[in-house]
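Let me begin by presenting the structure, written as structure tokens, before commenting on it.
The values are calculated or read from the model by the stated rules, or taken from the named source; none is laboratory data. Since the model is a prediction, treat every value here as computed from it, not as a measurement. Note that we place each Cβ from the backbone using ideal geometry, even for glycine, and neighbour counts take in every protein chain shown.
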Amino acid sequence: MPDVDEVILRAEEITKIYLVGAGVRAVDHLSFEVARGEFKLVTGPSGCGKSTLLALLGGLDRPTYGEIYLGGHRYSELSENGLAELRRTEVGFVFQFFNLLNDLTAQENVELPMRLIGLPPAEAAKRCEDLLSSVGLADRVEHYPHELSGGEQQRVAVARALANEPAVVLADEPTGNLDSENSADVMELFRRLNVERGQTFVVVSHDEAAHHYASEIVHMEDGMIRRVEV
Ligand code: ADP
């Protein structure tokens, strides 16, 4: 069982102001903690700052104020290269529109993050095989994204997110482009990876059906956390 008391991701009083027009305060003095092995769901109305929060947690963007820690890393101390390295090794991203590379096969998409950190090809191939079979796509390794259904593409993206054994998987509306059956499959897959591997998840979703998969639901409004349901 994962040690659920160990905080691996922490945001302290983060604020993000986009400098457009009069300025948009997308995340407002928000503090947030994720323990190892947790499955957190972040929800709230469109425009309340969910995607911004996820991008900040994943080091895709920097907060205007506040601090974020992942494992032993303090984001404000990292250079752009340091942050990119952290994203490659410690964070797995899953997006609404899958973001697979169209001219790479399923296998090549999943292997790419491993190649980027210099994992030996034989080891990358073995890990990729395990990952694609654990998401139920052992028979689709040679397929290109356009030869896969939406649900299958998202499962490839999940396998890719897990490639470098990240501390946390951050998923932004991962079922937003899927029908209800495929949405349930993807959420079930997350839950299985959470239970079987102790994989930590933070999933942004406004889909009510996604709620019952999480161990905690964080409700956001106007860039702030309004309520937490356990
Ligand atoms: P959600 O994911 O909950 O729909 P977002 O984080 O995408 O919310 O957006 C929060 C607020 O920040 C919205 O008002 C949105 O218009 C604004 N916003 C998001 N991204 C940008 C950006 N790159 N530049 C300016 N404003 C942005």
Looking at segment 165-188, which of the residues that are over 13 Å from the mean Cα position of the chain (by Cα) and touching a residue at least 60 places away in the same chain (Cβ under 8 Å) is farthest from the ligand (Cβ to nearest atom)?
ASN177
Find the residue count for segment 189-210, including only residues that are more than 22 Å from ALA11 (Cβ to Cβ), surrounded by fewer than 19 Cβ atoms within 10 Å (Cβ to Cβ) and in contact (Cβ under 8 Å) with a residue 40 or more places away in the chain.
1
Counting only residues that are within 12 Å of the ligand (Cβ to nearest atom) and not in a strand (DSSP E or B), which one in segment 189-230 is farthest from GLU165 (Cα to Cα)?
ASP222
Spans of helices (runs of 4 or more DSSP H) in segment 72-163 with at least 1 residues surrounded by fewer than 21 Cβ atoms within 10 Å (Cβ to Cβ) and touching a residue at least 60 places away in the same chain (Cβ under 8 Å)
80-90
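Would you check which residues across segment 164-188 are part of a helix (DSSP H, G or I) and either surrounded by fewer than 20 Cβ atoms within 10 Å (Cβ to Cβ) or among the small types (Gly, Ala, Ser) (or both) and list them?
SER180, GLU181, ASN182, SER183, ALA184, ASP185, GLU188 - these are the residues of segment 164-188 that are part of a helix (DSSP H, G or I) and either surrounded by fewer than 20 Cβ atoms within 10 Å (Cβ to Cβ) or among the small types (Gly, Ala, Ser) (or both).
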Selection from segment 44-66 of residues surrounded by fewer than 19 Cβ atoms within 10 Å (Cβ to Cβ), closer than 13 Å to ALA11 by Cα and either in contact with a His (Cβ under 9 Å, 6 or more places away or on another chain) or among the acidic types (Asp, Glu) (or both) yields TYR65
Out of curiosity, is VAL42 more than 8 Å from the ligand (Cβ to nearest atom) and either of a type outside the set (D, E, K, R) or on the phi < 0 side of the Ramachandran plot (or both)?
yes
Hey, SER51 under 27 Å from TYR213 (Cα atoms), in a helix (DSSP H, G or I) and either more than 15 Å from the ligand (Cβ to nearest atom) or at pLDDT 95 or above (or both) or not:
yes
Those residues of segment 135-149 which are out of contact with any Lys or Arg (no Cβ under 9 Å at 6 or more places or on another chain) and not charged (D, E, K, R) amount to ALA138, VAL141, HIS143, TYR144, PRO145, HIS146, SER149
With the first residue restricted to segment 33-49 and required to be aromatic (Phe, Trp, Tyr), and the second required to be within 16 Å of the ligand (Cβ to nearest atom), Cβ contacts under 9 Å at 6 or more apart or on different chains are PHE39/VAL202; PHE39/VAL203
Matching option when the condition is assigned to a strand (DSSP E or B) and within 16 Å of the ligand (Cβ to nearest atom), among ARG25, ARG62
ARG25
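Residue under question is TYR69, and the condition is that it be farther than 30 Å from LEU148 by Cβ, surrounded by fewer than 19 Cβ atoms within 10 Å (Cβ to Cβ), within 16 Å of the ligand (Cβ to nearest atom) and not polar (S, T, N, Q); does it hold?
no
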